[in-house]
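Heads up: the structure comes next, in structure tokens.
The values are calculated or read from the model by the stated rules, or taken from the named source; none is laboratory data. Worth saying up front: this structure is predicted, and the values here are computed from it rather than measured. Every residue, glycine as well, gets a Cβ built from its backbone with ideal geometry; the counts of neighbours run over all protein chains shown. Keep in mind that these areas ignore ligands, DNA and RNA; they rest on the heavy atoms of the full protein, side chains included. Shrake-Rupley method; radii C 1.70, N 1.55, O 1.52, S 1.80 Å.
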Amino acid sequence: MNPSLANFILKKTPDFILHPTKMADTKFTLNTGAKVPALGLGTWQSAPGEVTKAVSHALKVGYRHVDAAYIYGNEDEVGAGLKEGFDSGIKREDVFVTTKLWCTYHSRVEENLDKSLSKLGLDYVDLYLMHWPVPMNPKGNHETIPKLPDGSRDLDKSWSYIQTWKEMEKVLKTGKTKAIGVANFSVEYLEELLPQAEVVPAMNQIECHPYLAQHDVGDYCKEKGILITAYSPFGSTGGPLFQEKEIQEVAKKHDVTPGCVLLSYHIARGNCVIPKSVNPSRIEENMRIIKFDHSDLQALDHISKNHPPKRLIFPAFGLDLGFPDKKGATE
């Protein structure tokens, strides 16, 4: 082949074809020293009967990071998918598994972790997160979403999330989790927690996408050695984010889908990212992580700077959680 033609073809060939696993295999380091794959499989809102196949397929094609939570109600299926992977020869120590403490168990941390471990079929998880800094009544009228007669959430005002963190620090010593962290914490809540913590959270899992970049949380966590994991990285599924001009242009430039651009954006920022899918081809497509250059990152940051914050996940807890875009808001 003509050398000039060969060089031209190489220049135009997308990175994920030239280096099919390089970017998807990116790992970050927790403040514990443990390595966590940057790309993980999310399992929130995955329909019953689909999760086992999704987890099993993800492991088969190379995923080594799976995110779960007690409140998702599907840890048993996640566990079945993990078992299929382990039975195929994948080693437990090579898969990073995260699950989360639910709000009604804030005063019963180890009990909730034990329930999760039983459902997952594991002796330990790699990371245990406080799902929200919101203790709810452990003896309310519902195991997970207790409500008062007026329909509002039944909060446990006798307990604080600082106390919860102290209980999580105790669980860390049992070996049932290798690391502990938080989720949905604003800078304000982190500033209250850290001076009273013996163990700095290893992770803060937050909603993050170009409509809600949360640079304030990201910058603060980086300063404190706390890794960020981004959930809901696509904004709303099939929503307007995919149609943004900047995302379309970067996708065309690298010959990938807008979804791949959005996932690559997080990894370029140094964040883990956990897209949810039960579709085998989509699970594989999400591995096509590209290496952003400075102009790509600038393009997506331009969306954040020129679009009002759009937070998709904000449960009606009836509390101000300290997010600037929801200041004073309780629902």
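For this structure, a couple of remarks:
- The residue pairs whose first member lies in the range 67-79 and is among the hydroxyl-bearing types (Ser, Thr, Tyr) and modelled with pLDDT of 95 or more, whose second member is in a loop (DSSP other than H, G, I, E, B) and crowded, with 24+ Cβ neighbours inside 10 Å, and whose beta carbons are closer than 8 Å, counting only pairs six or more residues apart or on different chains, are 72/43.
- Selection from the range 297-315 of residues that are open to solvent by 80 Å² or more (accessible area, probe 1.4 Å) and of a type in the set (Lys, Arg): 305
- Of 54, 24, all but one fail to be touching a strand residue (DSSP E or B) at 6+ places or on another chain (Cβ under 8 Å) and either at pLDDT 95 or above or part of a helix (DSSP H, G or I) (or both); the exception is 54.
Let's see how each residue does on (1) at pLDDT 95 or above; (2) in contact with a Ser or Thr (Cβ under 9 Å, 6 or more places away or on another chain):
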site	(1), (2)
290	no, yes
301	no, no
304	no, no
321	yes, yes
325	no, no
329	no, no
